[in-house]
Structures are given as C-alpha cells and as structure tokens.
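Data block below; observations after.
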Amino acid sequence: MIKSINGATFRRMILSGAKLLNANKEYVDSLNVFPVPDGDTGTNMSLTMASAAREVSECTSNSMSLLCSAFSKGALKGARGNSGVITSQIIKGLTDVLSSKEEFTAKDFANALSKGTEVAYKAVTKPKEGTILSVVRAMSEAATSMNKRNIDFQSFLLKVIDAGEEMLKKTPDMLPVLKKAGVVDAGGRGLLILMQGFAAVLSDNEDIVLSFDDAANVKAEDAKYSEEAHFDYNDLAEIQYAYCTEFFIINLYKKTTEADIDRFRETLMQIGDCVLVIGDLSMVKVHVHSNQPGEVLTNALKLGELDNLKIENMLEQNRKLIGKKKVELKPYGIVSVCAGEGIASIFKDLMCDSIIEGGQTMNPSADDIAKACDKVNAKDIFVFPNNKNIILAAEQAKALSNRKLHIIPSRSVPQGLSALLAFDPDASVEANESAMTEAMESVKSGAVTYAVRSTEIDNLKLNEGDIIGMDSHTIVSKGDSVSAVAKQLVEKLVDEDSSCICLYFGNNVTEEEANKIKQELAEEFPECDVDCHFGGQPLYYYLVSVE
C-alpha cells in the first residue's frame with residue numbers, strides 16, 4: 001500500500017508522464033476536430049511537458065519544493081498553444097499546493113488538483129465545457145470525494161483517471177463539433193495520458209518507466225529570429241534606476257495576506273519602475289528597477305523567504321555595451337509569428353522588427369515569444385500571434401519578458417497584416433491598439449489545405465487527401481482541384497461590401513498557377529481589387545484575405 005509520494009517518486013512520475021505523452025502525441029494530434037496537417041494539441045502538450053521534464057532533470061535535489069518549482073517553471077516557459085498554456089496552469093495549481101509538502105498523500109493531491117482546476121479555469125477568458133477543463137474538473141471532483149488521508153495512492157489515482165475517462169467520453173455530447181467529427185476532446189485525452197504516465201510509475205510498468213529520462217531529451221525546434229542583434233543600450237545619464245532586481249518570494253508567512261502583497265507592489269512603484277509583482281500566497285515573482293535593491297529585499301523579507309535572487313547593475317551593463325554598438329531605444333517595436341519566406345518578407349516590409357518562425361506547424365512557446373521581444377530595442381512592443389492557438393502563449397509572454405508587450409489578438413496572417421497596416425508610429429499605444437484591432441476585425445480570412453484523415457464536419461463528408469477550403473470557423477468547400485476549391489472559398493467569403501481580395505500562395509503552388517486563379521477571380525469579381533503574393537507557407541496551398 002502506497003500512502004504517500006516522496007520527491008524521488010514524484011520526479012519519476014513527472015518524467016514518466018512526459019515520456020508517455022511524447023510517445024502518444026501523434027495520436028492526440030489525430031483527435032483534432034479539423035483534419036488539417038497542423039502540429040496541434042498532442043505536439044503542444046508534449047513540448048510543454050518536455051520543457052518541464054528538462055527543468056526537473058536539471059534539478060539535483062529531491063526536495064518537493066525545488067521539484068515543484070522546476071516543474072511549474074519548466075511548464076510555464078515551454079507552454080505552447082492553448083492546450084499547453086492550460087496544462088501549464090493546471091501544473092501551477094498542483095505545485096502551488098504540493099511544494100510545501102515533504103511527501104504528499106492522496107488528500108494532498110486532491111487539494112492540489114482542485115487548485116489546478118481553479119487556476120486553469122481562470123487562465124481562460126471564456127471557459128468552455130467539453131474540453132480539457134471539464135476533464136480536469138471531473139478528476140478534481142472525484143479526488144475530493146475520496147479525500148481521505150490513509151487511502152492507497154495508487155488505487156486513488158487510478159480512480160481519479162477513471163473519472164476523467166468518463167468525462168472524456170461525454171465531451172462529444174457537450175460540444176457538437178466533437179460529435180460531428182467522431183472524436184473526443186484532444187486536450188482531455190492528452191491530460192489523461194499524462195496522468196497515466198504518473199500512475200505507471202506506481203504500478204512499475206516497465207514499458208513506460210524504463211528509460212523515462214528520455215523525456216528530458218525531447219526537444220522543440222528553437223524559434224528562429226530574423227532580426228539583427230540588438231543591444232539594450234541607453235545613455236548612462238538617462239538611466240534613472242541602476243539595479244535590475246528579480247527574485248521569487250516563497251514560503252510566505254502565515255500572517256502574510258493578499259493585501260500585504262498589494263502594499264508591497266505599491267512600495268516598489270514608489271522607489272522604482274518596471275515593477276512586476278505576480279503570484280499568490282504560495283509564491284510571488286518580483287521584478288523591479290531601482291536604486292535601492294537593499295530596500296526592495298528588506299520589504300520582501302517581511303512577506304516570506306527569498307529564492308532565485310538576481311541583481312544586475314544596468315549602468316555597468318550599458319558601459320560594456322557602449323563599446324559594442326549604440327542603438328537608440330525607439331518608442332515602438334513589432335514582433336510577428338508567421339511561417340513562410342514570402343509572408344515573413346511582407347511583414348518585414350511593413351517594418352516588423354522580429355519574425356518568430358511558427359504558426360500552424362509549430363506553435364512557439366511563451367518563452368520563445370518573450371525572448372524575441374527582449375531582443376527588440378523598443379519601449380513598447382506590439383505582438384501579432386497570427387494564429388488563434390498562439391494568443392494565450394503570447395499573453396503569457398508578458399510575465400516572462402522584460403519589455404512592455406501589447407498583444408494584438410490576430411487569429412490569422414491576413415488579420416495580422418491588415419492590423420499592421422493600420423499602425424501609426426506617431427499615435428499612442430492605446431490609439432494604435434484600437435486602430436489595429438478595428439482593422440483586424442474587418443478582414444475575412446480563409447485557407448486552402450488538404451484533409452489528413454477521413455471524417456465528417458458540419459454534414460460535409462471528407463476523405464483523406466481531399467482539398468479543403470476553410471474560413472475562420474469551419475470547412476466551407478472541398479474537391480480534388482486546388483484552384484477550384486480556392487475559388488469556391490473566395491466565393492463564400494466575398495459579399496456585397498467586399499472591395500479587396502488577396503491570395504498568398506504556399507511553397508507547393510507555382511506562380512503560374514497562382515496568377516491564373518488571380519485572373520479568373522478578377523473576371524468573376526470585377527468590383528474587387530484582386531492581388532496575389534508569394535507566401536511560401538508550408539502545408540497550406542493558399543491563405544485568403546477578403547476586405
């Protein structure tokens with residue numbers, strides 16, 4: 001009978017879960033509702049757990065506190081796509097509770113799972129049932145119902161997983177789109193695979209446990225940055241605050257309250273700038289530029305213990321940089337996520353400072369986005385995710401970046417380009433956000449690709465290999481001819497108010513083929529300006545924009 005889990009066992013559970021998720025990522029990807037060749041849910045969750053596994057592997061201690069810190073930090077840094085971000089938040093809730101335990105029981109894990117569910121729901125602006133959220137909630141409720149300190153942990157965890165499986169079976173009834181596609185929720189399945197990896201360690205399942213350290217070696221493609229190297233240079237006389245101070249406050253005192261944390265934040269704002277104080281009564285992350293790092297630390301010690309302390313002398317950093325390259329800090333910077341040589345070139349022509357290679361085939365993590373932004377020499381940076389599955393990661397990058405990030409929630413490349421055209425370097429941040437968002441929302445987006453499996457979507461039967469046209473919501477056309485499907489898609493998008501049609505052709509379409517469709521559309525829609533550009537994007541024959 002296993003009554004509690006110590007640090008060494010928890011380490012093996014984390015790495016086992018990461019390995020099992022990696023082994024099954026393609027299966028989870030196959031559950032995506034839309035049968036398009038995207039690196040989606042399984043890939044994103046696997047890469048998120050791979051990052052967590054690397055941090056845990058590099059942690060040399062089996063202290064529960066240190067392991068939980070590494071687990072949460074790694075998941076946060078590696079979170080990719082909506083599924084990865086939500087997974088990282090479940091992990092944050094779990095570790096917030098377990099980090100204070102030397103060993104944890106089933107009762108402790110039930111409380112942790114409840115916290116993980118709470119944090120995950122808060123991370124999503126509009127929580128939707130029939131998703132990974134429903135599955136983690138069902139597991140949490142089952143765990144709470146068995147909330148007994150002396151229960152066998154192995155049988156407890158298996159029952160919790162069973163409750164998740166039962167909820168997963170119900171997801172098609174909760175989301176009609178799942179039922180039509182004949183699949184269960186992919187994120188929920190991924191979460192259960194992760195939990196099954198945990199359970200495998202307790203049952204000594206050698207098929208999973210052997211070589212579980214391999215999980216730490218799963219590597220995501222590094223985001224590629226196209227900008228020239230930048231330096232964080234300021235004239236020494238302009239540096240008002242000399243010391244960049246970063247640390248975590250952990251093991252907060254019992255007397256510490258949320259109001260104390262708020263007052264601490266206000267104190268830092270009075271003695272410095274670039275203030276970041278985020279967290280709760282379990283852990284707080286602090287970042288501030290000031291001239292009194294000692295005063296910062298003295299006030300922080302009133303709340304709890306300090307960890308991962310880093311103080312950097314920005315004056316000295318700038319002295320060293322002066323001899324290398326002087327770059328004036330400009331008011332605004334632009335960072336965009338996109339795939340395809342042509343698409344990247346268009347964004348560069350629109351004065352985009354940094355291109356993060358990613359999108360449908362590779363969702364960059366929050367850490368990838370933060371690092372790209374930190375290399376842009378600007379006070380305020382506008383970030384264009386250009387994919388609905390990257391928006392959450394972009395929002396999460398705000399907490400990881402040293403810059404002031406403003407997320408323009410573009411759900412497609414056409415939306416991102418239209419928004420960027422509305423950018424005014426002389427306008428305020430607020431005015432630009434308003435103008436770019438308004439421009440973005442005036443665009444109708446579509447894409448032409450192929451079905452990777454046979455299925456049925458919205459009463460439309462698809463066979464593997466069919467050419468399909470998609471608007472921003474669903475599949476609207478199919479056929480055997482790329483050009484025919486592309487024209488059908490445009491016909492669906494154009495209405496009486498449309499005045500401009502633009503096609504971006506991918507790396508598997510010739511310029512001759514693209515120009516032929518352009519000519520045919522110009523003849524069919526004489527009231528619209530029709531344009532065509534090389535996008536070079538993989539997997540998608542055409543990206544379509546109608547305004």
Subset of the stretch 329-370 [within 19 Å of A79 (Cα to Cα), touching a strand residue (DSSP E or B) at 6+ places or on another chain (Cβ under 8 Å) and among the charged types (D, E, K, R)]: E357, D368
List pairs: first residue in the stretch 451-469 and in contact (Cβ under 8 Å) with a residue 40 or more places away in the chain and farther than 14 Å from S30 by Cα, second residue assigned to a loop (DSSP other than H, G, I, E, B) and of a type outside the set (S, T, N, Q) anywhere in the structure, Cβ distance under 6 angstrom, at least six positions apart or on different chains. L462/A451; I468/A451
For the stretch 120-151, which positions are modelled with pLDDT of 90 or more and not aliphatic (A, V, I, L, M)? E129, G130, T131, S134, R137, S140, E141, T144, S145
Would you please list the contacts, defined by Cβ atoms under 9 Å and residues six or more apart or on different chains, that run from a residue in the stretch 175-192 that is over 11 Å from M45 (Cα atoms) and outside the structural domain of Q89 (by TED's automatic domain parsing) to a residue that is crowded, with 17+ Cβ neighbours inside 10 Å and of a type in the set (K, R)? none
Can you tell me how many residues in the stretch 515-534 are within 15 Å of A486 (Cα to Cα) and either in contact with a helix residue (DSSP H, G or I) (Cβ under 9 Å, 6 or more places away or on another chain) or outside any helix (DSSP H, G or I) (or both)? 10
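Among the listed residues A200, A259, which satisfies the condition of being hydrophobic (A, V, I, L, M, F, W, C), surrounded by 13 or more Cβ atoms within 10 Å (Cβ to Cβ) and either in a helix (DSSP H, G or I) or modelled with pLDDT under 50 (or both)? Even if it seems obvious, please write down each step before you answer.
Details: A259 fails: surrounded by 13 or more Cβ atoms within 10 Å (Cβ to Cβ).
Answer to the check: A200.
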From the list I457, I390, I408, exactly one residue is under 16 Å from the mean Cα position of the chain (by Cα) and closer than 28 Å to G182 by Cα. Which is it? I390
Which is outside the structural domain of I249 (by TED's automatic domain parsing), surrounded by fewer than 22 Cβ atoms within 10 Å (Cβ to Cβ) and of a type in the set (G, A, S), of S99, S63, S88, S140? S63
For the stretch 503-513, give me each residue that is crowded, with 20+ Cβ neighbours inside 10 Å and either touching a helix residue (DSSP H, G or I) at 6+ places or on another chain (Cβ under 7 Å) or among the β-branched types (V, I, T) (or both). L503, Y504, F505, V509
Need the failing condition index for A237 against (1) modelled with pLDDT of 50 or more; (2) over 31 Å from the mean Cα position of the chain (by Cα); (3) assigned to a helix (DSSP H, G or I), just the number. (1)
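Condition test on V177, is it in a helix (DSSP H, G or I), under 28 Å from the mean Cα position of the chain (by Cα) and over 26 Å from E456 (Cβ atoms)?
Working: in a helix (DSSP H, G or I): yes; under 28 Å from the mean Cα position of the chain (by Cα): yes; over 26 Å from E456 (Cβ atoms): no.
Here the answer is no, as V177 does not meet what is asked.
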Which listed residue is assigned to a helix (DSSP H, G or I), in contact with a helix residue (DSSP H, G or I) (Cβ under 9 Å, 6 or more places away or on another chain) and at pLDDT below 95, from A435, A370, A399, A419: A370
Residue within the stretch 111-131 that is surrounded by fewer than 24 Cβ atoms within 10 Å (Cβ to Cβ) and among the aromatic types (F, W, Y) present: yes
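The values are calculated or read from the model by the stated rules, or taken from the named source; none is laboratory data. Note that this is a predicted model, so its numbers are computed, not measured. As a convention, Cβ positions derive from the backbone with ideal geometry for all residues, glycine included, and neighbour counts pool all protein chains shown.
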